[in-house]
Amino acid sequence: MVGIVIVSHSQKLAEGVVEVARMMAENASLAAAGGLEDGNLGTSYDKILAAVEEVYSFDGVIILMDMGSAVMTTEMILEDLNRPNVKMIDCPLVEGAVLAAVESAGGRSLEELSELIKDSRTANKF
Amino acid sequence: MDTKTILAIIEAIAKRIEEQKDFLTELDNEIGDGDHGINLARGFKAVEEKLPTFADKDIGAILKGVGTALVSTVGGASGPLYGTAFMKAGNVCKGKTSLTAYEFAAALDAAINGVKMRGKAVEGEKTMLDALCPAYKTIKSGIDGGKNLVDALADGVDAAAKGVEYTKTIIATKGRASYLKERSLGHQDPGATSSLYMLQTTLEVLRGA
């Protein structure tokens with residue numbers, strides 16, 4: 001199963017997004033990487049890396065982020081890891097995470113999942 | 001510019017950032033998420049703690065070490081941005097134990113390209129690039145015109161200071177400040193300001209060396 005990492009400046013937000021995504025897919029492989037080591041707001045290279053390793057398998061990992069340093073720090077981790085099966089996707093965090101959880105638990109491959117999640121960019125709430 | 005000078009510059013930058021921590025944070029409170037000074041000071045404190053381990057390293061390794069420390073400790077956008085800058089500068093200084101004026105300019109150029117790549121930004125977006133790019137252009141043309149590094153850098157610092165002033169007159173289109181749109185007008189960019197401090201500090205150390 002493809003693992004999912006949620007990166008946010010806020011530990012609460014990252015954990016909250018994981019919580020919401022899990023409502024739809026209990027068995028999804030999700031990890032939150034929010035805030036700094038001391039719990040303050042910010043993004044932590046080490047926390048993100050640890051979260052990737054936590055959910056990593058040969059099926060791969062997708063990383064969804066909030067903004068700014070969360071994006072740039074994730075980008076640096078991908079460069080350092082140099083694993084083609086770990087990807088970051090640009091999408092609305094909550095919608096993307098729910099979709100990712102449902103579809104990964106449904107057995108989608110990394111490629112399929114990446115394409116599907118991109119659909120959440122244009123999905124309307126109403 | 002030898003290894004010792006580089007270490008002195010880094011130490012002096014760490015001190016300067018710590019001194020200016022509150023002011024940088026204040027600037028960031030106006031148009032950002034109010035963490036620039038605190039974050040950078042945290043990062044440079046980690047750099048300072050690593051300084052003794054850099055003593056026997058070449059300039060490339062030192063700059064890379066600074067970048068790595070910033071990336072893993074800053075926690076805000078300035079971490080990956082300055083982190084990438086120092087790492088890219090480190091790449092072009094690999095194995096070197098001293099830098100000529102040209103090599104210094106090449107390192108600065110690599111650092112700036114790193115910031116552009118990481119931030120997907122260009123000049124004129126109210127970012128650190130608005131201090132760094134004019135500084136580089138001035139330094140490079142000074143050196144090309146036969147100036148020594150200290151004189152060229154002095155002109156570069158003036159150009160960076162003008163760049164910081166210029167950020168007050170433009171609307172942010174990158175980073176958190178871009179959410180404020182025209183309300184970002186009139187405020188100087190904290191990233192451009194910290195970049196100016198780094199260049200100023202480099203000049204001060206070179207003048208004293």
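The values are calculated or read from the model by the stated rules, or taken from the named source; none is laboratory data. None of the values given here were measured: they were computed from a predicted structure. As a convention, Cβ positions derive from the backbone with ideal geometry for all residues, glycine included, and neighbour counts pool all protein chains shown.
Here are some notes:
- Scanning region B:181-206 for residues that are over 13 Å from residue B:27 (Cβ atoms) and out of contact with any helix residue (DSSP H, G or I) (no Cβ under 6 Å at 6 or more places or on another chain) returns B:181, B:182, B:183, B:185, B:204.
- Taken over region A:19-46, the criterion of being buried (at least 22 other Cβ atoms within 10 Å of the Cβ) and assigned to a helix (DSSP H, G or I) is satisfied by A:21, A:45.
- Only listed residue being out of contact with any Cys (no Cβ under 7 Å at 6 or more places or on another chain) and either assigned to a helix (DSSP H, G or I) or away from chain A (no Cβ under 14 Å) (or both), chosen from B:75, B:34, B:67: B:67
- Residues being touching a Leu at 6+ places or on another chain (Cβ under 7 Å), away from chain B (no Cβ under 14 Å), modelled with pLDDT under 95 and under 22 Å from residue A:20 (Cα atoms) are represented in region A:103-117 by at least one member.
- Residues of region A:103-120 that are surrounded by fewer than 16 Cβ atoms within 10 Å (Cβ to Cβ) and either touching a His at 6+ places or on another chain (Cβ under 6 Å) or not polar (S, T, N, Q) (or both): A:106, A:107, A:111, A:112, A:115, A:118, A:119.
- Output for region B:131-177, where each listed residue is without any contact (Cβ under 8 Å) to a residue 24 or more places away in the chain and among the polar types (S, T, N, Q): B:138, B:141, B:169
- Filter result (more than 16 Å from residue B:132 (Cβ to Cβ) and either crowded, with 20+ Cβ neighbours inside 10 Å or in contact with a strand residue (DSSP E or B) (Cβ under 6 Å, 6 or more places away or on another chain) (or both)) within region B:73-95: B:73, B:74, B:75, B:76, B:79, B:90, B:93
- Residue A:27 being more than 22 Å from residue A:119 (Cα to Cα), away from chain B (no Cβ under 12 Å), free of Cβ contacts under 8 Å to residues at least 12 places away in the same chain and not charged (D, E, K, R): no
- When residue A:74 is tested against (1) of a type in the set (S, T, N, Q); (2) within 14 Å of chain B (Cβ to nearest Cβ); (3) not in a helix (DSSP H, G or I), just one condition goes unmet, and that condition is (3).
The rows are residues; the columns are (1) without any contact (Cβ under 8 Å) to a residue 24 or more places away in the chain; (2) buried (at least 20 other Cβ atoms within 10 Å of the Cβ).
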{"position": "B:24", "(1), (2)": "no, yes"}
{"position": "B:48", "(1), (2)": "no, no"}
{"position": "B:56", "(1), (2)": "yes, no"}
{"position": "B:59", "(1), (2)": "no, yes"}
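- Filtered residue count, region B:72-92, keeping only those that are within 18 Å of residue B:190 (Cα to Cα) and hydrophobic (A, V, I, L, M, F, W, C): 4
- Residues of region A:47-94 classified as among the charged types (D, E, K, R) and buried (at least 17 other Cβ atoms within 10 Å of the Cβ), total: 5
- Filter result for residue B:89 (in a helix (DSSP H, G or I) and within 14 Å of another protein chain (Cβ to nearest Cβ)): no
- All told, residue A:61 meets the bar of being free of Cβ contacts under 8 Å to residues at least 60 places away in the same chain and farther than 27 Å from residue B:35 by Cβ.
- Listing of helices (runs of 4 or more DSSP H) fully contained in region B:99-190 that carry 2 or more residues being more than 30 Å from residue B:208 (Cα to Cα), within 14 Å of another protein chain (Cβ to nearest Cβ) and at pLDDT 95 or above: B:101-119
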